[in-house]
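This report concerns only the one structure given below.
The values are calculated or read from the model by the stated rules, or taken from the named source; none is laboratory data. Source: prediction; values computed, not measured. Positions of Cβ are generated from backbone atoms using ideal geometry, with glycine treated the same way; all protein chains shown enter the neighbour counts.
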Amino acid sequence: MTEIAEPMQTAAPVSLHTGNAATKRLKARYAAERRFRLYGILAIVFACSMLVILLSTLLKEGTSAFFQTEVKLAVTIDAGTIDPQGTGNPAEWDRGAFQTLVSDALYKEFPEVTGRLEKRDVRGLISPVAGVRLGQMLDKDPSLVGQTIEVWLPASDGINQIVKGGIDRDLPELQRPINDQQLAWFDSLEQRGDVRSAFNTTFFTASDSNYPELAGLLGAAVGTLLTMLVTLAISLPIGVAAAVYLEEFAPKNRFTEIIEVNINNLAAVPSIVFGLLGLAVFLNFFGMPRSAPLVGGLVLGLLVLPTIIIASRAALKAVPPSIREAALGMGASKLQAVMHHVLPLAMPGIMTGTIIGMAHAVGETAPLLMIGMNAFVTSAPDSLLASSSVLPVQIFIWADKPERGFVELTSAAILVLLAFLILMNGAAIWLRKKFERRW
Amino acid sequence: MSVTLTVAVLLFLSLAGFWLGRNRAVAVAGGRIANLHSVPTYYGTYMALWAGLPALVLILAWMALRGTVMDWMVLSAMSPEQLEAWARVMLAPAELEALLPTIADGASALTQTHRQLLLINIGNLAAGQALYVNPGVIDAITPAAGHLSQLRGLADWTLFGAVMALAGGTLAFTWSKIGPEFRARNNVERIVTALLVLCSTIAVLTTVGIVLSLLFESIRFFTKVPVTEFLFGLQWSPQTAIRADQVGSSGAFGAVPLFTGTLLIATIAMIVAAPVGLMSAIYLSEYAPKRVRGLVKPILEILAGVPTVVYGFFAILTVAPFIRDLGAFFGIPISSQSALAAGVVMGVMIVPFVSSLADDVINAVPQSLRDGSYGLGATKSETIRQVVMPAALPGIVGAMLLAVSRAIGETMIVVMAAGLQASLTLNPLASVTTVTVQIKSILVGDQEFDSAKTLSVFALGLVLFLVTLALNVIALRIVQKYREKYD
Amino acid sequence: MDSMTLNKPVQAAVTQPVKMSARDVKVFYGAKRALHGVNVDLYQNEVLAMIGPSGCGKSTFLRTLNRMNDTIDICRVEGKILLDGQDIYDPRLDVVQLRARVGMVFQKPNPFPKSIYENVIYGPKLHGLATRKDEFDAIVETSLKRAGLWNEVKDRLHEPGTGLSGGQQQRLCIARAVAVSPEVILMDEPCSALDPIATAHIEELIDELRESFTIAIVTHNMQQAARVSQRTAFFHLGDLVEVGDTEEIFTNPRDERTQGYITGRYG
């Protein structure tokens, strides 16, 4: 059985493909291969690092916004100052006077200060709207009037930023909003233990404000919620109904073909054009109110409609024909077969598509600017017709403001928005995994 | 009687209709359900639908028209004297002078802007918010405000009455039709199918709405500014003067600088997104081990899901300063609103879009072509560059066109990172403005409704819509043809 | 050495040297074993046909001969395959070079979406077999002539290869493989997608190509194997059952499984 044994190791004849020239050429070809592969890796690295840079910048800028520097002051609530008419009714209080009380408390901390300019500098330590916080406290407990109470009040934006490092205290004096004297006063407050960094509850309980230390997201969040309710109420039923018709009932003719082409193209129309539609039709023609969640929801509903229709059709298409045939074979009408058997099976797919569409709508900004949802709203909207803002628009508004404090607020608001989106997309992925079915 | 309450009562009537219909069906069947054509639920549904739907349509129609009709009624009831008293306080002297000769015609003499101002005054007063109304005009418009409140109350009650009558009428009619022979299920299914058809036409109606609204306002704009000037004019400064005698009152509406600005930024974006998106798609589908693919794909999906306003903030916070500093380092002055910064960030936004489209396209190339190439001794990159890419070319072109369309229509990034100044330049380091930036900046803030400035927005919107539509139609066609080839 | 004696390759009457040889080749897809140890030799300038029922591993074996299985992630090959005495699975041996020496023609014609001319010069260009236009022209002409396609396409060399008929496409793919000047050509059911006339054309061609190349062909069609090959190997359920002179296999098979297959009792 010699032929079974290893064949003789003859030296391989040098052929066209194994010669020196071929080997050399091969080297160059492999170098090209490695370069090409490297380009691919570089592209991926570029894309990923952009996400990393984006997120780390936001985290770096934004996390500090969740904390606020507060200063402890002993404020004497002088009844004569806040209630000049002496009615005892909180509704009649002079709201402006609370800030005066705060200022008075500050002067007491620094008795050596007398000059008008110096006094102004002292006031610069505390937020110019700290009185609002004081007023809210007294609203809750009017019995404090006439007493001297120790309260923690928000520091001014300048101080806040210096404490958090947003502004470098070693900058030349003229380049920072807080001068040397103010720094010295603040340091002495800190030594007395009258300064703390507290969780910024205002950020979650207040609405927009011109003062970063008083601005919060509540109004925009409620606005987003109301708007999304309308969007969902519009786009889900209409989208599913349209998908059911096109997938299950529509005859193949010119009309349905137009609808299909139209839906595909509508999905790619720039969102700002939907804003113009909302402006021209809902506001100007139907006379609906500007800035209202109702109009915003309508516009976004039309915007996400194609997405939901396309996703729902895909989900319906994935249900095997055998299910329909089984139902029809039992004597069900076509509509019954669809409603009782096909639609329930397609529901997880439809929900996944809907959530993804809604996540898209939550981040949409441009069309809402067109219908005036960039209103300056200092309290949460209480109806679908009230003036309102939404999270992404709030981000846009804050991004435009010059104060340093708004930079961190913008970043923090983005973090909140992204958290929302990740939650929604996570829910969609979870749904898809949970109900994934292989026919 | 508020609309909400009317809707609630209607809902109740509809439910009652369901109950009535079902019971009626059972009754006429004499207790033997088998005698009926359909199950009793269908009789109930039939009545409920008939009770609810027509009245609901009535409510929607009324809500849509209520504002316009009432405004018209209130204004036409105002006397010339009241109008004049209001105008004397609220209007500028020149405007007042223009108005006075025709004031005897009543409210129709007012310009649209003034009419809106007047209506806002009346509305505020009627809502009890006299605070927002100039005290000097309160006397003049108090009767109109009263008229408005009265009309509102009346209108709501009228609606309620009409809805009740309609729903009651349909209930009675359908009730009388129910009998054992009545094909309730077929009737219900016909109604439901009609509703389904209606829903699927909403998408078409949206397109029609977009086209009509853009077209109408654009035509109004083109009566003020010639089309040729708009499309070919080289200067864009839409600031119209408040008073007719001011210098440069007409404004300039040559949109070419906006088009070049848009194209410049879109080009920069594509220079970033096309190679990065394409190469990452190639790497992911042809090279990456499964684990890497599982890790990178979600990252790209996150990039795709980041709202554009966040990218805009990223541009002004990080990228624009970085590019400016980089320029300063090399001694090149770069505007902090450079087209480069906006374009690069927009490119990053489009990368996942390009890569996911390209991924689909590359995967559609049959494996047999790759095998053929490997079988001849080609390396992977040779196969990709010389066989897969040429085969996928139409699909890739389609994907790129879709990406360009995306870049042209993108708003927030350019609104935040690009400039407002319309300059005719192709220098990526300079500040340019785009179509979408102008639309946003003109519309946000105070608007006068029939000025050329405001109307120009719709002409810009029309151009934007037509261009992106054309790109999409072509791209989708190419991609579809491509798919068919390999299916 | 039980399996080896079972699969004993029979020395053919031909006295050509061995071009390729497989020794105890086992192929796994994940945990599943698709080939259970195959031993066979491929002699220079012969046509070896591989037959057997579907899923018997004949295509899998063919693909191991130029390492096309490398493109499948879960596929693993054990044993030795020698080309001119060199192990082709030796990490020092380059797969690109190997495939230039061992070309392949596939089941379904797969011309690239390029012109006929570009299809043919694709390989030579990669491997640097020519640099000047006239050299490429010459390669195109000889390759197409050898594939018997020249007369049909010489006037439309720059039209897309995908526009040809199925049989023409397959001959283009053969021309494409020939143009690289390989030593061995592997053919994986090259006629299964073709009509009888085109099939006859290609079978003729294979016989002519034998003069310059060593050919291994997988086929479903026993008549085809009988017509084109000198030796035939019969595969069954991942085993090489027997290999020998084609005539002998078809007239006097030694194994009853071979007997069963060629007489049409199963397959």
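Points to keep in mind about this one:
- Considering A:ALA380, A:ALA413, the condition of being of a type in the set (A, V, I, L, M), in contact (Cβ under 8 Å) with a residue 40 or more places away in the chain and crowded, with 24+ Cβ neighbours inside 10 Å is satisfied by A:ALA413 alone.
- Selected residue (only one of B:ALA328, B:ALA304 is in contact with a Phe, Trp or Tyr (Cβ under 8 Å, 6 or more places away or on another chain) and surrounded by fewer than 20 Cβ atoms within 10 Å (Cβ to Cβ)): B:ALA304
- Cβ pairs under 7 Å, 6+ apart, first in the stretch B:344-373 and over 25 Å from B:VAL272 (Cβ atoms) and in the same structural domain as B:ALA403 (by TED's automatic domain parsing), second of a type in the set (Ser, Thr, Tyr) and buried (at least 20 other Cβ atoms within 10 Å of the Cβ): B:ARG370/B:THR383; B:SER373/B:THR383
- Consider the stretch A:191-238 and keep the residues that are among the hydrophobic types (A, V, I, L, M, F, W, C) and not in a helix (DSSP H, G or I). The one that is farthest from the chain's Cα centre (by Cα) is A:VAL195.
Let's see how each residue does on (1) among the aliphatic types (A, V, I, L, M); (2) crowded, with 24+ Cβ neighbours inside 10 Å; (3) within 11 Å of chain B (Cβ to nearest Cβ):
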{"position": "A:PRO270", "(1), (2), (3)": "no, yes, yes"}
{"position": "A:ALA318", "(1), (2), (3)": "yes, no, no"}
{"position": "A:SER322", "(1), (2), (3)": "no, no, no"}
{"position": "A:ALA327", "(1), (2), (3)": "yes, no, no"}
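- Residue ID - nearest to the chain's Cα centre (by Cα), chosen from residues in the stretch B:54-88 that are small (Gly, Ala, Ser) and within 14 Å of chain A (Cβ to nearest Cβ): B:ALA64
- Within the stretch A:197-230, the residues that satisfy the criterion of being farther than 21 Å from A:PHE376 by Cβ and exposed (fewer than 14 other Cβ atoms within 10 Å of the Cβ) are A:ALA198, A:PHE199, A:THR201.
- Number of residues in the stretch C:9-58 that are in contact with a helix residue (DSSP H, G or I) (Cβ under 7 Å, 6 or more places away or on another chain) and modelled with pLDDT under 85 equals 2.
- Scan of the stretch B:188-235 for residues that are touching a residue at least 60 places away in the same chain (Cβ under 8 Å) and assigned to a loop (DSSP other than H, G, I, E, B), ordered by number: B:VAL225, B:LEU234, B:GLN235
- For the stretch B:377-427, a tally of residues being part of a helix (DSSP H, G or I), among the polar types (S, T, N, Q) and closer than 30 Å to A:GLY275 by Cα returns 1.
- Taking the criterion of being small (Gly, Ala, Ser) and more than 9 Å from chain B (Cβ to nearest Cβ), the residues of the stretch C:101-149 that qualify are C:SER115, C:GLY128, C:ALA130, C:ALA138, C:SER143, C:ALA147, C:GLY148.
- Set side by side, the residues B:ALA92, B:ALA51, B:ALA34 differ, and just one is away from chain A (no Cβ under 14 Å), buried (at least 18 other Cβ atoms within 10 Å of the Cβ) and either in contact with a strand residue (DSSP E or B) (Cβ under 8 Å, 6 or more places away or on another chain) or over 20 Å from B:ASP156 (Cβ atoms) (or both), which is B:ALA51.
- Where helices (runs of 4 or more DSSP H) fall entirely within the stretch C:69-176, those with at least 1 residues that are out of contact with any Asp or Glu (no Cβ under 6 Å at 6 or more places or on another chain) and under 18 Å from C:LEU205 (Cα atoms) are at C:116-126, C:133-146, C:150-153.
- From the list A:ALA332, A:ALA337, A:ALA292, A:ALA311, the lone residue that is in contact (Cβ under 8 Å) with a residue 24 or more places away in the chain, of a type outside the set (S, T, N, Q) and farther than 20 Å from B:VAL444 by Cβ is A:ALA311.
- Scope the stretch A:283-296; condition part of a helix (DSSP H, G or I) and surrounded by fewer than 23 Cβ atoms within 10 Å (Cβ to Cβ); matching residues: A:LEU283, A:ASN284, A:PHE285, A:LEU294
- Residue list for the stretch B:105-144, filter: within 17 Å of A:PRO289 (Cα to Cα), touching a helix residue (DSSP H, G or I) at 6+ places or on another chain (Cβ under 8 Å) and β-branched (Val, Ile, Thr): B:ILE122
- Scan of the stretch A:28-44 for residues that are at the interface with chain B (Cβ under 7 Å from one of its Cβ atoms) and surrounded by 15 or more Cβ atoms within 10 Å (Cβ to Cβ), ordered by number: A:ARG29, A:GLU33, A:PHE36, A:ARG37, A:TYR39, A:GLY40, A:ILE41, A:ALA43, A:ILE44
- Qualifying residue in the stretch C:30-46 (condition: of a type in the set (Val, Ile, Thr), in contact with a Gly (Cβ under 9 Å, 6 or more places away or on another chain), within 19 Å of C:ASP87 (Cβ to Cβ) and within 14 Å of another protein chain (Cβ to nearest Cβ)): yes
- You will find that of A:LEU385, A:LEU409, A:LEU418, the residue that is closer than 24 Å to A:SER64 by Cα, of a type outside the set (Phe, Trp, Tyr) and more than 9 Å from every other protein chain (Cβ to nearest Cβ) is A:LEU409 and no other.
- Every condition in (1) crowded, with 24+ Cβ neighbours inside 10 Å; (2) within 23 Å of A:ALA130 (Cβ to Cβ); (3) modelled with pLDDT of 85 or more is met by A:LEU183 except one, and the failing one is (1).
- Of all the criteria given as (1) exposed (fewer than 15 other Cβ atoms within 10 Å of the Cβ); (2) within 31 Å of the chain's Cα centre (by Cα); (3) among the acidic types (Asp, Glu), the one not satisfied by B:ASP105 is (2).
- Criterion (within 14 Å of chain A (Cβ to nearest Cβ), within 34 Å of the chain's Cα centre (by Cα) and surrounded by fewer than 24 Cβ atoms within 10 Å (Cβ to Cβ)) met by exactly one of B:PRO352, B:PRO394, B:PRO321: B:PRO321
- Failed item in (1) within 8 Å of chain A (Cβ to nearest Cβ); (2) closer than 26 Å to A:ALA419 by Cα; (3) of a type outside the set (S, T, N, Q), with B:ARG293 passing the rest: (1)
- Residue check for A:GLY353: away from chain B (no Cβ under 12 Å), of a type outside the set (Phe, Trp, Tyr), assigned to a helix (DSSP H, G or I) and in contact with a Ser or Thr (Cβ under 7 Å, 6 or more places away or on another chain): yes
- Those residues of the stretch A:117-151 which are surrounded by fewer than 15 Cβ atoms within 10 Å (Cβ to Cβ) and outside any helix (DSSP H, G or I), in sequence order: A:ASP141, A:GLY146, A:GLN147, A:THR148, A:GLU150
- Test: A:THR231 is touching a Leu at 6+ places or on another chain (Cβ under 6 Å), more than 8 Å from every other protein chain (Cβ to nearest Cβ) and either touching a residue at least 60 places away in the same chain (Cβ under 8 Å) or over 17 Å from A:THR365 (Cα atoms) (or both): yes
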